[in-house]
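**Student:** Dropping the structure in here first, questions after.
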Amino acid sequence: MENFIVSARKYRPTTFDSVVGQLSITSTLKNAIKSNHLAQAFLFCGPRGVGKTTCARILAKTINCFNVTENIEACNECESCKAFDEGHSLNIHELDGASNNSVDDIRSLIDQVRFAPQIGTHKVYIIDEVHMLSQAAFNAFLKTLEEPPKHAIFILATTEKHKIIPTILSRCQIFDFNRIQIEDIATHLQHIATNENVDTEEDGLHIIAQKADGALRDALSMFDQIVSFSGGSITYKDVIDNLNILDYDYYFRVTDAIINKKVPESLLIFNEILNNGFDGHNFINGLAEHFRNLLVCLDEQTVSLLEVGANIKEKYAAQAKATKLADLIKSLAITNEADTKYKGSKNQRLLVEVMLMQLCALGNELTEKKNSIINLVIGNKPPQKVTPKPNYPTPERVQQTVEEPKNQPQATQQTPVVKKAVSLKPKVGLNFTDNISINAAPKEEKKNVTASGIEVTPENRPTENFTPEQFAERWKAFKGILEDKGKSNLASIFEVIPEIENDTIKILVENRALEDEFKAQQSDFIDFIRLELSNFNIQVTTEINKEVTNKKAYTPQEKFTKMSEKNPTLKELVKKLDMDVGYA
């Protein structure tokens, strides 16, 4: 019976050109050999199964080859190459740092370094898993690593570069090996399958490459496992069954249910996934990856980031047309939140089901907002709750108001004007919170007309006389407007009708805070009262009412004054300590 050799050993690269996915590193090493600029120590670091030890062996074999080719590769025919291939070369020494990590092991290595090679030009020492050496072993190795004999070259390999002390790093040329790309792994697997007469499906090879996570050795191990399972062929179904991988079809079905807002269907699919023995956490991560793939399919420039087979790529492109960018971004946020909360959740199934319901609810809010914006643009207002409002006059603010002296002579009217009876029926809307749409059509400028029917212009500003009863009526009307707008605090100022002297309204307020609040609305009040009373000589002044007792303290000064009235010793304490109590 013929001995079986696993693919990871049988198809291990023997030349620089056969190394998969590390072109920049192999090119650098070949140029160094060609120009004879080899360092005395190299450090190869990177994830598992990316070719660190393989490149170290190829480098050791090539620099000892007697007939290096024009492409800077070993000839495989000379005595040195044959000794290396047969495994008894005296110029190449491999040491496992995990099992030879003591000071004595390093001392034994240093003793061997002194002897020159019998055949060839260099002695190469490959130390794998070098990060496992003890601190004392590292320190014992420093001097030899920095100044070795001319014939000695050290190649250190590790998966955990951060565990190596800085003094070792400073003595080595460092090469960082990258994870091998999915496409490169799939192509290499296809090459091996052709040599082994194995029938394959492209999608199945891509699944193996994705599962390997950038490690070619892992991909070759899974390749052998599936060939043994399927009996000489690799299909997509065989791969997902044997490697316990959730089928792409589940994610496409769940996404279709989410797009169509079918909550029950999405929950049933998830239940089917659980019944097949898959973990909910894997489903969350896989669904997030699915949304990411749909996202990159929305733009032709990012389609190249999709690392799947041709058939699967067509399905992604078709489903991406039914999705929206905003929904996909929100979906990724929801799945990411579920991923972070999964391990700490006491009811993990419910967490995933809530996530699916949130995903199905996406778009409803966006649709409602979109409809409201469209209605605003075309002029169709959505139905609003109707609340009864007091029947108070609300005239529009005067757009141009010019302050004039109180004793201005009354403007002469060119044409007789028929005075109308004063009515409290609202004629013009005075709205402090009108929404302005930049898309709305421009409105015609409305004319300012007083309650008595006189049109107000810069040349014609009426100054009619009015009675205290008429003023009181308008005063209460403006108070009602403030209450209707929810400004009850400001409306409290209008509880008492003030006196008018020489067309000047003197308004008393309780404190400075109310005074500032009123001044913010003072122009609205002046416009309102002038239009309603047809008198543009009206002025307004405010003053804090000092006679108000038991009023609430608002400012720091008022608070301190009120406290000092109850406890007079506070003033003496403030003076002695030179304290600042917030006086303006």
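The values are calculated or read from the model by the stated rules, or taken from the named source; none is laboratory data. Small disclaimer: the values here were computed from a predicted structure and weren't measured. Every residue, glycine as well, gets a Cβ built from its backbone with ideal geometry; the counts of neighbours run over all protein chains shown.
**Student:** Among strands (runs of 3 or more DSSP E) lying entirely in segment 64-175, which contain 2 or more residues that are at pLDDT below 90, touching a strand residue (DSSP E or B) at 6+ places or on another chain (Cβ under 7 Å) and surrounded by 13 or more Cβ atoms within 10 Å (Cβ to Cβ)?
**Tutor:** 92-96
**Student:** Does Ile119 satisfy being closer than 24 Å to Ile174 by Cα, among the aliphatic types (A, V, I, L, M) and touching a residue at least 12 places away in the same chain (Cβ under 8 Å)?
**Tutor:** No: the conditions fail for Ile119.
**Student:** Considering every residue within segment 258-276, establish whether at least one is of a type in the set (Asp, Glu), touching a strand residue (DSSP E or B) at 6+ places or on another chain (Cβ under 9 Å) and surrounded by fewer than 19 Cβ atoms within 10 Å (Cβ to Cβ).
**Tutor:** Within segment 258-276, none of the residues are of a type in the set (Asp, Glu), touching a strand residue (DSSP E or B) at 6+ places or on another chain (Cβ under 9 Å) and surrounded by fewer than 19 Cβ atoms within 10 Å (Cβ to Cβ).
**Student:** Counting just the residues of segment 140-174 that are of a type in the set (S, T, N, Q) and without any contact (Cβ under 8 Å) to a residue 40 or more places away in the chain, which one comes out nearest to Gly51 (Cα to Cα)? If you could, list the steps in order and put the result at the bottom.
**Tutor:** So the first thing to find is which residues in segment 140-174 are of a type in the set (S, T, N, Q), and the list is 144, 158-159, 167, 170, 173.
Pick out the ones that are also without any contact (Cβ under 8 Å) to a residue 40 or more places away in the chain and you get 144, 167, 170.
On the way: Thr144: 26, Thr167: 25, Ser170: 23 Å.
Taking the candidates together, the pick is Ser170.
**Student:** How many residues are over 25 Å from Ile126 (Cβ atoms) and in a helix (DSSP H, G or I) if we restrict to segment 186-204?
**Tutor:** The qualifying residues number 12.
**Student:** Sticking with this one: Residue under question is Ile207, and the condition is that it be part of a helix (DSSP H, G or I), among the β-branched types (Val, Ile, Thr), surrounded by 16 or more Cβ atoms within 10 Å (Cβ to Cβ) and assigned by TED's automatic domain parsing to the domain that holds Ile312; does it hold?
**Tutor:** Considered against the rule, which asks whether it is part of a helix (DSSP H, G or I), among the β-branched types (Val, Ile, Thr), surrounded by 16 or more Cβ atoms within 10 Å (Cβ to Cβ) and assigned by TED's automatic domain parsing to the domain that holds Ile312, Ile207 comes out as no.
**Student:** On to the next question. Counting only residues that are more than 24 Å from Lys150 (Cβ to Cβ) and in contact (Cβ under 8 Å) with a residue 12 or more places away in the chain, how many does segment 86-104 have?
**Tutor:** 6
**Student:** A further question on this structure: Regarding His191, is this residue surrounded by fewer than 14 Cβ atoms within 10 Å (Cβ to Cβ) and either more than 29 Å from Gly97 (Cα to Cα) or among the small types (Gly, Ala, Ser) (or both)?
**Tutor:** Numbers: surrounded by fewer than 14 Cβ atoms within 10 Å (Cβ to Cβ): yes; either more than 29 Å from Gly97 (Cα to Cα) or among the small types (Gly, Ala, Ser) (or both): yes.
It is true that His191 is surrounded by fewer than 14 Cβ atoms within 10 Å (Cβ to Cβ) and either more than 29 Å from Gly97 (Cα to Cα) or among the small types (Gly, Ala, Ser) (or both).
**Student:** Still on this model: When only residues in segment 169-189 that are of a type outside the set (Gly, Ala, Ser) and in contact with a helix residue (DSSP H, G or I) (Cβ under 6 Å, 6 or more places away or on another chain) count, which is nearest to Ala32 (Cα to Cα)?
**Tutor:** If we take residues in segment 169-189 being of a type outside the set (Gly, Ala, Ser) and in contact with a helix residue (DSSP H, G or I) (Cβ under 6 Å, 6 or more places away or on another chain), then Phe175 is nearest to Ala32 (Cα to Cα).
**Student:** Among the residues of segment 190-209, is there at least one that is closer than 20 Å to Leu306 by Cβ, over 28 Å from the mean Cα position of the chain (by Cα) and of a type in the set (S, T, N, Q)?
**Tutor:** yes
**Student:** Same structure again: Can you go through Leu246, Leu287 and tell me which one is part of a helix (DSSP H, G or I) and either surrounded by fewer than 21 Cβ atoms within 10 Å (Cβ to Cβ) or not assigned by TED's automatic domain parsing to the domain that holds Asp203 (or both)? Please lay out each step first, then the result.
**Tutor:** Details: Leu246 fails: part of a helix (DSSP H, G or I).
Only one candidate passes the filter, namely Leu287.
For (1) part of a helix (DSSP H, G or I); (2) modelled with pLDDT under 80, each residue gets a yes or a no:
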| position | (1), (2) |
| --- | --- |
| Gly486 | no, yes |
| Ala491 | yes, yes |
| Pro498 | no, yes |
| Leu508 | no, yes |
| Ala513 | yes, yes |
| Phe518 | yes, yes |
| Asp527 | yes, no |
| Asn537 | no, yes |
| Thr541 | no, no |
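**Student:** Against the condition touching a helix residue (DSSP H, G or I) at 6+ places or on another chain (Cβ under 9 Å) and among the small types (Gly, Ala, Ser), how does Ala56 come out, does it pass?
**Tutor:** The answer is no for Ala56.
**Student:** Looking only at segment 226-243, filter to residues that are assigned to a helix (DSSP H, G or I) and surrounded by 15 or more Cβ atoms within 10 Å (Cβ to Cβ); which one of those is modelled with the lowest pLDDT?
**Tutor:** Ser230
**Student:** Inspect all residues belonging to segment 339-350 and state whether any of them is more than 22 Å from the chain's Cα centre (by Cα), more than 19 Å from Val263 (Cα to Cα) and not in a loop (DSSP other than H, G, I, E, B).
**Tutor:** no
**Student:** Within the bounds of segment 303-323, is there any residue that is more than 18 Å from His206 (Cβ to Cβ), more than 22 Å from the chain's Cα centre (by Cα), loosely packed, with under 15 Cβ neighbours inside 10 Å and in contact (Cβ under 8 Å) with a residue 40 or more places away in the chain?
**Tutor:** Looking for residues that are more than 18 Å from His206 (Cβ to Cβ), more than 22 Å from the chain's Cα centre (by Cα), loosely packed, with under 15 Cβ neighbours inside 10 Å and in contact (Cβ under 8 Å) with a residue 40 or more places away in the chain, one finds at least one in segment 303-323, hence yes.
**Student:** Among (1) part of a loop (DSSP other than H, G, I, E, B); (2) in contact (Cβ under 8 Å) with a residue 60 or more places away in the chain; (3) more than 38 Å from the chain's Cα centre (by Cα), where does Phe4 come up short?
**Tutor:** Looking at each condition in turn, Phe4 falls short on (2).
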